[in-house]
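One structure is given below, encoded as structure tokens.
The values are calculated or read from the model by the stated rules, or taken from the named source; none is laboratory data. All values derive from a computational prediction rather than experimental measurement. Glycine also receives a Cβ, built like all others from the backbone with ideal geometry; neighbour counts cover every protein chain displayed.
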Amino acid sequence: MDLATEKGASSWLTTRPIEDLGFALHKGAFKDALALRYGWHPTRAPSNCTCGVTFTVEHALSCPRGGFPILRHNELRDVTASLLTEVCHEVSIEPNLQPITGESFNGASAITQDGARLDVSMCGFWGGRHQKTFCDVRVFNPHAPSNRAPNMATTYRKHEREKKNTYEQRVLQIEHASFTPLVFSASGGFGNSASTFYKRLASLLATKRNEVYSQTMACLRCRISFALLRSSIRCIRGARSHRGAAARPVPPAQLSPVMEPEKATKFRFQEEQKTLLTQYWERGMQCCSKSVSAMIDECAIAAKCSVEQVKVRPEEE
Ligand SMILES: [Zn+2]
């Protein structure tokens, strides 16, 4: 619930579905968006990811197969750059940093390689017309164990600090520019620096377009919110094809059964389901040729319940 109550995380839910602005979702995407928001398992998701790991939302948001985390990062970079072109000069995507010629930095994690690039640069954002700013985007998976801090603010600060340790000194000393890390959670929240950055951007856009600041800010939040949401849905539903081989639809036997989320939490096994599950468990224990995960999948289909419920033996429920 912490993720759902973050500022910006509900922008997609409270906006009107205006198709021209890309704010409309089809029914499947809407259900997935609700599942992501409330931490439900998406309906009819495959039991296993194409990389072989058991399919979970936590895994899907980070799995590199299909390149979806990179696409999510690039989506945020491109949305930001396109908005910046309205109000800044010299907006550049993936600008190269100047090579290092003998300069040294304090931190061990500062980047020193030639050919280092940041995500976006522009002039006239902070400070005067010729003042340059570099930004670097990170979208993290809030469900990943490494991001489970006591509160989200700590996680945002951790990622911002990592970005600053890597790039800030080099940008300040060599480029004589400023650096802003743009950290987002895949669930739709912003880090502190990103929040300040987009407030400034909304203020510049509102002046330029002669709009009310609060409306421009709301619209900007929606653009970011939908970019993150669509990218997260793509991580769950996108076809993770291999080079030279298109992905095929997942056969029904490998899909988790359709479960209404509210029923899933109150689920109690019916008598015939209990019998069926017990039979499956006993057969599974004796049958060595069949993998346990295949047996669990088959059992979930037969008993019309979720894979997670099958993993709990009926008598243990
Ligand atoms: Zn995977």
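Data for the structure
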{"read-out": "Selected residue (only one of 45, 35 is over 22 Å from residue 219 (Cα atoms), within 16 Å of the ligand (Cβ to nearest atom), among the aliphatic types (A, V, I, L, M) and crowded, with 18+ Cβ neighbours inside 10 Å)", "value": "45"}
{"read-out": "Where a residue in region 131-150 is over 30 Å from residue 88 (Cα atoms) and its partner, wherever it lies, is of a type in the set (Ser, Thr, Tyr), with Cβ under 6 Å and at least six apart", "value": "141/62; 142/185; 142/187; 144/62; 147/155; 149/155"}
{"read-out": "Selection count where residues are under 20 Å from residue 77 (Cα atoms) and under 15 Å from the mean Cα position of the chain (by Cα), scope region 123-164", "value": "8"}
{"read-out": "Those residues of region 66-83 which are within 16 Å of the chain's Cα centre (by Cα) and surrounded by fewer than 16 Cβ atoms within 10 Å (Cβ to Cβ), in sequence order", "value": "67, 70, 71, 78"}
{"read-out": "Condition check for residue 52: at positive phi, more than 17 Å from the chain's Cα centre (by Cα), within 16 Å of the ligand (Cβ to nearest atom) and surrounded by fewer than 17 Cβ atoms within 10 Å (Cβ to Cβ)", "value": "yes"}
{"read-out": "Residue in region 71-84 that is under 18 Å from residue 119 (Cβ atoms), in contact (Cβ under 8 Å) with a residue 40 or more places away in the chain and within 16 Å of the ligand (Cβ to nearest atom) present", "value": "yes"}
{"read-out": "Test result for residue 103, assigned to a loop (DSSP other than H, G, I, E, B), out of contact with any Phe, Trp or Tyr (no Cβ under 9 Å at 6 or more places or on another chain) and at pLDDT 90 or above", "value": "no"}
{"read-out": "Residue list for region 124-162, filter: over 19 Å from residue 225 (Cα atoms), part of a loop (DSSP other than H, G, I, E, B) and not basic (Lys, Arg)", "value": "124, 125, 126, 127, 128, 130, 131, 144, 149, 150, 151"}
{"read-out": "Total residues in region 84-118, condition surrounded by 19 or more Cβ atoms within 10 Å (Cβ to Cβ) and in contact with a Leu (Cβ under 6 Å, 6 or more places away or on another chain)", "value": "2"}
{"read-out": "Which numbered condition residue 157 fails, given (1) within 25 Å of residue 188 (Cα to Cα); (2) in contact (Cβ under 8 Å) with a residue 40 or more places away in the chain", "value": "(2)"}
{"read-out": "Flag for residue 59 being within 11 Å of the ligand (Cβ to nearest atom), surrounded by 16 or more Cβ atoms within 10 Å (Cβ to Cβ) and modelled with pLDDT of 90 or more", "value": "yes"}
{"read-out": "Region 108-122, residues that are modelled with pLDDT of 90 or more and either part of a loop (DSSP other than H, G, I, E, B) or over 29 Å from the mean Cα position of the chain (by Cα) (or both)", "value": "118, 119"}
{"read-out": "Pairs, first farther than 10 Å from residue 235 by Cβ in region 42-66, second near the ligand (Cβ under 6 Å from one of its atoms) and in a helix (DSSP H, G or I), C-beta under 8 Å, six or more apart", "value": "49/59; 53/59"}
{"read-out": "Test for residue 187: is it in contact (Cβ under 8 Å) with a residue 60 or more places away in the chain and surrounded by 14 or more Cβ atoms within 10 Å (Cβ to Cβ)", "value": "yes"}
